[in-house]
Amino acid sequence: RSFELDYEENCFRKDGAPFRYISGSIHYARVPRPGWRNRLLKMYMSGLSAVQVYVPWNYHEPLPGVYDFSGDRDVEAFLDLTAELGLLVILRPGPYICAEWEMVSTNCPGLAWRGNGCSTELPSVCPAYLAAVDSWLHILLPKIKPRLYQYGGNIISVQVENEYGSYYACDYEYLRYLLGSFRALLGSEVLLFTTDSAQAAELRCGTLPGLYATVDFGPGSNMTEAFGAQRWVEPKGPLVNSEYYTGWLDYWGEAHASTSSARVAQGLEDMLQLGASINMQVVSWYMFHGGTNFAYWSDFKDQYKPVTTSYDYDAPLSEAGDPTEKLFAIRTVISKFQPLPVGPMPPATPKYAYGWVALRKYADLLDVLDVLCPSGPIQSQFPLTFEAIKQAHGFVLYHTQLPRDLLDPATLGASPHSICDRGYVMLQKEYQGTLEREGQTTLRVMGREGDALDVLLENMGRISFGANVSDFKGLLGNLSLDSSPLRNWLIYSLDIDSAVQQGWPHAALPKPSSRGRAGPAFYSGTFETPGITCDTFVKFPGWGKGQLWINGFNLGRYWPHRGPQQTLFVPGSVLYAGRPNNITVLELEGAP
């Protein structure tokens, strides 16, 4: 068994024979484990011979030295399932993956070395970062090696880093370090490669001898120019588009992104026809199935533009895993160049409308801090970031008191870029409004000396691409009253998910609270399924912004008035049949 490059014939060779594959990307971390087989089978029946798979570092190492490969995180089970279904794998283990994945797939903020106390922008000269990478690779890659094609598995190639040329520090020593680590842990025979855009500057900084250079581009690009850029760094060998974009991601507050089926299908046909004459060997769809940014895993690119909970991507398989018009258009094109698998395409999954669910207000967030932060607050003269208190995702509450009487309205304000990312302000437990990064940064408030001032900070995801990847969260600077800094903070690191997963608040009696009070509060309710559990969607008419859990599973953020996303996808696998399903909602601004 072998999979290798043939520089004379400009092709891949699999077991000695010329080989071309058509692959598609799927992120196992964005699909609950019960849905893996369904999605992979549909990809196989579409005519794909391989899948591209990212491995998100921080999904498996949530804390330094703490590893999780269970349940939805069982990457070995996912890889074994691809082999069972007859799909080859192109593995993309990073350590950086982008993928619009929160925290850029490291277990430290930004590109990790800064989070480890290194002031340099060059990872190769930060021992703490390289030690973290080394520890991670020594955990992950031994799981991968037995699944390499050369050893009887189905992984035909492994990408080193990801679009590293897009990072402005050209650090070849870092790439050499990674190349040495991958070779030491995976062996000398595995095909290692890089992926960058077709821009000359990025190819110059993102490639290295010993790593086969590939490019990525979408349907609107000039194909000849893009492959010409690859030929600039790889004069011989197969032409490879490692990410051919089927659509694009959505940002909160912007229009839904879409790319027509006809345009995508025509682009594929043009590439495959070009391949017939110049031996173009590979096209890889990004994404073939996007899935969902459950919990807090969404991010934004090189500026503050939060990505929606849905990662549908206008992909051939929808967020719910259903075949779309685009899939069938692609399948028709593929059938012109190679035989399709025998058998029908699996249909869309059944959906069920479970109807309205009545919710009751359980408590205001400020009244349940003992549940959400059982260890109590941290005292600090000035605010501390999420990273400083070792909180990766979610919410942190900052509490202080007014230092003097405010009989006339005073300006509560933050310095530019210090609210990361949204701050929900309460004075004496009354909601005052929201401060937002790149948005409103001041509020007018009145009160008495000693009045409680609370600010709930929400992390909307960290920047995952470009020069600004050190994206710290929380209050990055002090709040001030009429330019006078506030001091003496109590900082609560909130672990809402652990409480909800343990059955809270459904096992507790409601807290007495002001029924009409706006601001962050928890609501709960139940519903039953008629003996079956099907995929469905939740809609929030009249609600503001918040987070949804069903049976302890965090389904992500809703924000209907900001849009474009109006519903949250609910996989049937998280529902119960024959007993009540618990809904928990954290509404941040105000329920209808």
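The values are calculated or read from the model by the stated rules, or taken from the named source; none is laboratory data. Here the structure is a predicted model, which means the values were calculated and not measured. We place every Cβ from the backbone using ideal geometry, glycine too, and count neighbours over all the protein chains shown. Side chains included, ligands, DNA and RNA excluded: accessible areas come from the protein's heavy atoms. Shrake-Rupley method; radii C 1.70, N 1.55, O 1.52, S 1.80 Å.
Calculate how steeply helix 261-278 sits against the longest principal axis of the alpha-carbon atoms of the chain, using the helix alpha-carbon long axis, and give the answer as 0 to 90 degrees to the nearest 10.
On a 0 to 90 degree scale, this one is about 30.
Dipole of the chain, Cα-centred, from +1 at each Lys and Arg C-beta and -1 at each Asp and Glu C-beta, to the nearest 20 debye?
I would put it at about 940 debye.
Which order do peptides 200-211, 373-384 fall in by mean Cβ count within 10 Å, highest first?
200-211, 373-384
Leaving out ligands and nucleic acids, note down the accessible area per residue over the stretch 375-494 with a 1.4 angstrom probe, in whole Å².
40
At 222 nm, what helix-only mean residue ellipticity would the chain give, in deg cm²/dmol to the nearest 500, using -39500 (n - 2.57) for each DSSP H run of four or more?
Helices in the chain give a 222 nm mean residue ellipticity of -5500 deg cm²/dmol.
State in Å² the accessible area per residue of the stretch 3-336; use a 1.4 Å probe, count heavy atoms of protein chains only, and round to the nearest integer.
The answer is 32 Å² per residue.
Return one whole number: the accessible area per residue of the stretch 497-587 in Å², for a 1.4 Å probe.
About 41 Å² of surface per residue is accessible.
If packing is taken as the mean number of other Cβ atoms within 10 Å per residue, what is the order of 44-50, 586-592, 346-352, 412-418, highest first?
Those peptides, ordered most packed to least, come out 44-50, 586-592, 412-418, 346-352.
As I understand it, the value is the acute angle between the Cα axis of helix 172-186 and the longest principal axis of the Cα atoms of the chain; what does it come to in degrees, rounded to 10?
With both axes taken from Cα atoms, the answer is about 70 degrees.
Suppose R0 equals 41 Å; then what is the FRET efficiency for Leu85 and Ala388 from their Cβ-Cβ distance, rounded to the nearest 0.05?
0.35
Take the solvent-accessible surface of the protein heavy atoms, probe 1.4 Å, and return the percent of it on the chain that carbon and sulfur atoms account for.
The value for the chain is 52 percent carbon and sulfur by accessible area.
Give me the number: length gained by fully extending Gln401 to Gln501, i.e. 0.36 nm times residue separation minus the C-alpha to C-alpha distance, one decimal in nm.
Result for the pair: 32.7 nm of gain on full extension.
Could you tell me which of Tyr212, Cys170, Tyr304 has its Cα farthest along the dipole of the stretch 3-336 towards the positive end, charges placed at Cβ (Lys, Arg +1; Asp, Glu -1), taken about the Cα centre?
The listed residue farthest towards the positive side: Tyr212.
State the extension gain, in nm to one decimal, for the chain segment bounded by Ser188 and Gln338, taking 0.36 nm per residue of separation less the distance between their alpha-carbons.
Extra length available between Ser188 and Gln338 comes to 50.8 nm.
Could you tell me which of His506, Thr526, Pro560 has its Cα farthest along the dipole of the stretch 497-587 towards the positive end, charges placed at Cβ (Lys, Arg +1; Asp, Glu -1), taken about the Cα centre?
Pro560
Projected onto the charge dipole of the chain (+1 at Lys/Arg Cβ, -1 at Asp/Glu Cβ, origin at the Cα centre), which of Gly321, Leu192, Met287 gives the Cα projection farthest towards the positive end?
Result: Gly321, furthest along the dipole toward the positive end.
Run the numbers for Thr526 and Arg204: contour at 0.36 nm per residue of separation, minus the present Cα-Cα distance, in nm.
Gain on extension, Thr526 to Arg204, equals 110.3 nm.
Any idea what angle helix 325-335 forms with the longest principal axis of the chain, computed on alpha-carbon atoms, 0 to 90 degrees, nearest 10?
20
Can you give the % of DSSP beta bridges in the chain that are antiparallel, to the nearest 5?
Bridges in the chain that DSSP calls antiparallel: roughly 70 percent.
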